[in-house]
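Undergrad: Please find one structure pasted underneath; my questions will follow.
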Amino acid sequence: MTVSTSVPYLLRAARGEVLDRPPVWMMRQAGRYMKEYRDLRDKYPSFRDRSENPELAIEISLQPFRAFGPDGVIMFSDILTPLPGIGIPFDIIEHRGPVIDPPIRSQEQINKLQPLEPESKLPFIREILQTLRREVGDRATVLGFVGAPWTLAAYAIEGKSSKDYTIIKSMAFSEPAMLHQFLEKLADAIAIYLRYQIDCGAQVVQMFDSWAGQLSPQDFETFALPYQQRVVQQVKATHPDTPMILYINGSAGILELMAKTGVDIVSVDWTVDMAVARQRLGANIGVQGNLDPCVLFGSKDFIRDRILDTVRKAGKGGHILNLGHGVLQNTPEENVAFFFETAKSFKY
Ligand code: CP3
């Protein structure tokens, strides 16, 4: 394998190079735990403005990069961002979260959805990703991301965040053909959107199927896995060299199935021991994770011990250090800084 120093660290590791430490970034790296973000949010209260006005989205994406120097810079956006482009408007409301009104409940609504044309519907993405690439150069890897079909369908059908997913599961178990049609349309739109992100500059992409861990393994194989595979196959067909990461929250019972999607890296939460995850996934696939985000509320010694424990259990190479889910809102910024410093000073 050719070793090039102008290729950023995370991208090299994601392509399978063994480096002298694991690269590190954090899910939800930009956002409310940062004072700088909260100040900007006071000035620009609309989430859609902050994520769809390129100047704001670029500035927010770069806040944690300037503060902590992570190996990855994820574009500031949301998994719901492409939905208006296929005909599903949304908003994100303070203290309530995502709202989709009207929610998708009927065949007629599904029939009316449009294929995604990212250049006309999501023009801000090109400027955000191109500028991020220019700004970070070879000092970090620019990450794009999408939500997977099941998780996007869950928001669109429930209309908001849900605890028990009663509405989408009722549809799954009583009108499966209708849900399958919706998932298919979402998968095709997401694949188009991922290809577009890569064409605009994303060097590694992550698919979040955050709520697919709420499915029993047999339902996961029916309603989540085939559509994750459909996205991965379509993206790999045109962009085979872009590493793909898959994240699912609560994935300990379906880890082996995640490896069947065709992604390069499986992002694991903290409910599975990293050494066990490695064993179960095998040597041919990378891992990302897996500190409990609450570890960052502990003492510095505790945080250091947990980082070392995870890195050792993951073994040399094929590991991207990360949390097991997004960084939490009230996390002390100095502990985030300590997390990155400690991770970057580690040597195998
Ligand atoms: O800079 C980055 O790291 C990108 C950050 C990011 C956001 N959303 C910004 C955001 C990412 C990676 C997402 C993905 C996302 N969005 C997921 C998958 C990741 C996961 O956590 O499992 C999901 C499930 C969503 C849907 C969503 N959007 C939720 C659950 C929320 C939080 C609602 C709330 O208010 O607690 C959002 C809103 C959102 N997306 C915020 C941020 C920073 C908070 C709103 C704000 O800052 O005003």
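Condition check ((1) touching a Pro at 6+ places or on another chain (Cβ under 8 Å); (2) buried (at least 16 other Cβ atoms within 10 Å of the Cβ)) across all residues:
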| residue | (1), (2) |
| --- | --- |
| Met26 | yes, yes |
| Met34 | yes, yes |
| Arg38 | no, no |
| Phe47 | no, yes |
| Ser51 | no, yes |
| Leu56 | no, yes |
| Leu80 | yes, yes |
| Glu94 | yes, no |
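Undergrad: Additional query: Can Ile125 be described as β-branched (Val, Ile, Thr) and in a helix (DSSP H, G or I)?
TA: Considered against the rule, which asks whether it is β-branched (Val, Ile, Thr) and in a helix (DSSP H, G or I), Ile125 comes out as yes.
Undergrad: Here's a follow-up. With the condition kept exactly as written, say whether any residue in region 104-119 is in contact with a Pro (Cβ under 8 Å, 6 or more places away or on another chain), modelled with pLDDT of 95 or more, within 14 Å of the ligand (Cβ to nearest atom) and among the aliphatic types (A, V, I, L, M).
TA: Scanning region 104-119, I find no residue that is in contact with a Pro (Cβ under 8 Å, 6 or more places away or on another chain), modelled with pLDDT of 95 or more, within 14 Å of the ligand (Cβ to nearest atom) and among the aliphatic types (A, V, I, L, M), so the answer is no.
Undergrad: In addition: Kindly list, by first and then second residue, each pair from a residue in region 292-316 that is closer than 22 Å to Val18 by Cα and in a loop (DSSP other than H, G, I, E, B) to a residue that is of a type in the set (A, V, I, L, M) and open to solvent by 20 Å² or more (accessible area, probe 1.4 Å), limited to pairs with Cβ atoms under 7 Å and residues at least 6 apart or on different chains.
TA: So the pair list comes out as Lys316/Val18.
Undergrad: If you go through region 242-261 one residue at a time, how many are touching a residue at least 60 places away in the same chain (Cβ under 8 Å) and more than 17 Å from the chain's Cα centre (by Cα)?
TA: Residues meeting the conditions: 0.
Undergrad: Answer yes or no as to whether Val327 is surrounded by 14 or more Cβ atoms within 10 Å (Cβ to Cβ), more than 14 Å from Ile245 (Cα to Cα) and not aromatic (Phe, Trp, Tyr).
TA: Details: surrounded by 14 or more Cβ atoms within 10 Å (Cβ to Cβ): yes; more than 14 Å from Ile245 (Cα to Cα): yes; not aromatic (Phe, Trp, Tyr): yes.
It is true that Val327 is surrounded by 14 or more Cβ atoms within 10 Å (Cβ to Cβ), more than 14 Å from Ile245 (Cα to Cα) and not aromatic (Phe, Trp, Tyr).
Okay, residues lined up against (1) in contact (Cβ under 8 Å) with a residue 60 or more places away in the chain; (2) in a helix (DSSP H, G or I); (3) within 16 Å of the ligand (Cβ to nearest atom); (4) within 25 Å of Asn335 (Cα to Cα):
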{"site": "Val7", "(1), (2), (3), (4)": "yes, no, no, no"}
{"site": "Leu10", "(1), (2), (3), (4)": "yes, yes, yes, yes"}
{"site": "Arg21", "(1), (2), (3), (4)": "yes, no, no, yes"}
{"site": "Gln29", "(1), (2), (3), (4)": "yes, no, yes, yes"}
{"site": "Glu36", "(1), (2), (3), (4)": "no, yes, yes, yes"}
{"site": "Leu40", "(1), (2), (3), (4)": "no, yes, yes, yes"}
{"site": "Ser51", "(1), (2), (3), (4)": "no, yes, yes, no"}
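Undergrad: Now for a separate question. Looking at region 121-147, I want the residues that are free of Cβ contacts under 8 Å to residues at least 40 places away in the same chain and have a partner that is within 15 Å of the ligand (Cβ to nearest atom) with Cβ atoms under 8 Å, at least 6 apart or on another chain. Which pairs are those?
TA: Sorted first by the residue in region 121-147, then by its partner, the pairs are Lys121/Pro82; Lys121/Pro84.
Undergrad: Starting from region 201-222, keep only residues that are farther than 13 Å from Leu257 by Cα and open to solvent by less than 20 Å² (accessible area, probe 1.4 Å), then list their pairs with residues that are more than 15 Å from the ligand (Cβ to nearest atom) and among the polar types (S, T, N, Q) whose Cβ atoms are within a distance under 6 Å, requiring at least 6 positions of separation or different chains.
TA: Qualifying pairs under 6 Å: Gly201/Gln130.
Undergrad: A further question follows. For Ile254, all conditions in the list (1) assigned to a helix (DSSP H, G or I); (2) open to solvent by 20 Å² or more (accessible area, probe 1.4 Å) hold save one; what is the number of the exception?
TA: Evaluating Ile254 over (1) assigned to a helix (DSSP H, G or I); (2) open to solvent by 20 Å² or more (accessible area, probe 1.4 Å) leaves (2) as the failure.
Undergrad: Conditions: (1) farther than 24 Å from Met244 by Cβ; (2) within 8 Å of the ligand (Cβ to nearest atom). Met75 meets all but one. Number of the miss?
TA: (1)
Undergrad: Could I ask something else about it? Select from region 276-310 the residues that are of a type in the set (Gly, Ala, Ser), out of contact with any Gly (no Cβ under 7 Å at 6 or more places or on another chain) and open to solvent by less than 40 Å² (accessible area, probe 1.4 Å) and write down the one among them that is nearest to Thr331 (Cα to Cα).
TA: Gly298
Undergrad: Taking the conditions exactly as written (over 20 Å from the mean Cα position of the chain (by Cα), touching a residue at least 24 places away in the same chain (Cβ under 8 Å) and assigned to a loop (DSSP other than H, G, I, E, B)), does Pro102 satisfy them or not?
TA: yes
Undergrad: For region 269-291, enumerate the residues that are touching a His at 6+ places or on another chain (Cβ under 9 Å) and either under 16 Å from Phe340 (Cβ atoms) or assigned to a loop (DSSP other than H, G, I, E, B) (or both).
TA: Those that are touching a His at 6+ places or on another chain (Cβ under 9 Å) and either under 16 Å from Phe340 (Cβ atoms) or assigned to a loop (DSSP other than H, G, I, E, B) (or both): Asp269, Trp270, Gln288, Gly289.
The values are calculated or read from the model by the stated rules, or taken from the named source; none is laboratory data. This is a predicted model, so every value here is computed, not measured. Methodologically, a virtual Cβ is constructed for each residue, glycine included, from the backbone with ideal geometry; neighbour enumeration extends over all protein chains shown. Heavy atoms of the whole protein, side chains included, go into the accessibility calculation; ligands, DNA and RNA do not. Shrake-Rupley method; radii C 1.70, N 1.55, O 1.52, S 1.80 Å.
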